[in-house]
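Participant: Please see the structure below; I have some questions.
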Amino acid sequence: MPKPSEGRVDGETQDRSGLSESRRRELADFLRTRREKLKPEQLGITQLSRRRTPGLRREEVAEIAGVGTTWYTWLEQARDIQPSAEVLKRLAQALMMNPAETRHMFTLAGRSAPVEVEKLEETPSASLLRILQTFQMPAVLLGSRWDVLAVNEATKQTFPHVASITGQKVNWLHFFFKTIDSNSVVNWETAARQLISDFRSSMSDALDQPWVVEIVESLRKENERFDSFWRDHDVSDGAYTLVEFNESSPAGAGRYERTMLRAAEDPRLSIVLYNQAH
């Protein structure tokens, strides 16, 4: 049985998605629940009769998004079809999704979120900032692009050079390779390699985004060691990294276990912890 095309979006047809059945079902259920939460009047649709189903009808979503009704129905039925990035953007608009919902939909569909969504300003919530301060060890909050968004009091005391760049859109990777050298970190190469592997892992679904390419290419041009490490294509296994500073470091001599955690309220944000090792 032939697959329906996406309809009026450039007349393109779609190949199989390559997604697992459970992933397709999750995407289908997510689209359905977004559709059912919307009220017709939110999109200027006049109700002439009582509806038997909550929210919008599938054909209404398809019409607003500019896709075929049959094709959209198949998408909500978890059929093995692959929506293009353009169609996902249209669906996000039709279903009035917020940035978090849009990113989630793109992730379920196996695609990177559109640049305009990822470029939205990341403002940590008051509760997340309070949690950051509860850590007794140095803790650094990073945005989705690894910009330093906030630090806790322990960081200000231990790593004042890190605290000084907070909120200035300084990239964590750039900061390390331009500021931290082997004269201040005993195991600099190990720490540098692990940092790169962490970055590559966290950006695995966005490595083709212009801003990631810009960060990587600028560092490759400016730093031969970064270029060499990057070409090894190492990815993080999630283990902690031991970073050992010597006396010449702004932090003074000390050994720290560096661990990176994801913020549950916004997975784009990460918290880097430095637990003093004994």
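The values are calculated or read from the model by the stated rules, or taken from the named source; none is laboratory data. Being a predicted model, the structure only gives us computed values, none of them experimental. Using ideal geometry, Cβ is built from the backbone for each residue, glycine included, and neighbour counts are taken over all protein chains shown.
Participant: For the stretch 84-104, enumerate the residues that are outside any helix (DSSP H, G or I) and either modelled with pLDDT of 90 or more or in contact with a Leu (Cβ under 9 Å, 6 or more places away or on another chain) (or both).
Facilitator: 84, 95, 96, 97
Participant: Still on this structure: Is one or more of the residues making up the stretch 132-146 under 30 Å from residue 64 (Cβ atoms), touching a helix residue (DSSP H, G or I) at 6+ places or on another chain (Cβ under 9 Å) and of a type in the set (Lys, Arg)?
Facilitator: No, that holds for no residue.
Participant: Has the stretch 190-203 got at least one residue that is charged (D, E, K, R), over 27 Å from residue 129 (Cα atoms) and in a loop (DSSP other than H, G, I, E, B)?
Facilitator: Within the stretch 190-203, none of the residues are charged (D, E, K, R), over 27 Å from residue 129 (Cα atoms) and in a loop (DSSP other than H, G, I, E, B).
Participant: Limited to the stretch 197-211, what total is found for residues that are touching a residue at least 24 places away in the same chain (Cβ under 8 Å) and buried (at least 18 other Cβ atoms within 10 Å of the Cβ)?
Facilitator: Total meeting the criteria: 6.
Participant: Then there is this: Starting from residues that are of a type in the set (Gly, Ala, Ser) and not in a helix (DSSP H, G or I), keep the ones in the stretch 3-48 and report whichever is modelled with the highest pLDDT.
Facilitator: 20
Participant: Can you tell me which residue within the stretch 179-188, out of those that are touching a residue at least 12 places away in the same chain (Cβ under 8 Å) and not in a loop (DSSP other than H, G, I, E, B), is surrounded by the fewest Cβ atoms within 10 Å (Cβ to Cβ)?
Facilitator: 179
Participant: Would you point out which residue out of 163, 139 is aliphatic (A, V, I, L, M) and either at pLDDT 95 or above or in the same structural domain as residue 106 (by TED's automatic domain parsing) (or both)?
Facilitator: Result of the check over 163, 139: 139.
Participant: Among what's in the stretch 167-178 and is crowded, with 16+ Cβ neighbours inside 10 Å and closer than 16 Å to residue 272 by Cα, pick the residue that is modelled with the lowest pLDDT.
Facilitator: Out of the qualifying residues, it is 170.
Participant: Follow-up question, since we're still on this one. Within the stretch 56-77, take every residue that is surrounded by fewer than 20 Cβ atoms within 10 Å (Cβ to Cβ) and hydrophobic (A, V, I, L, M, F, W, C) and give me the one that is modelled with the lowest pLDDT.
Facilitator: 64
Participant: Kindly indicate which of 229, 245 is on the phi < 0 side of the Ramachandran plot and over 27 Å from the mean Cα position of the chain (by Cα).
Facilitator: Every option except 245 fails the conditions.
Participant: Also: From the set of residues in the stretch 229-271 that are closer than 21 Å to residue 182 by Cα and β-branched (Val, Ile, Thr), which is surrounded by the fewest Cβ atoms within 10 Å (Cβ to Cβ)?
Facilitator: 259
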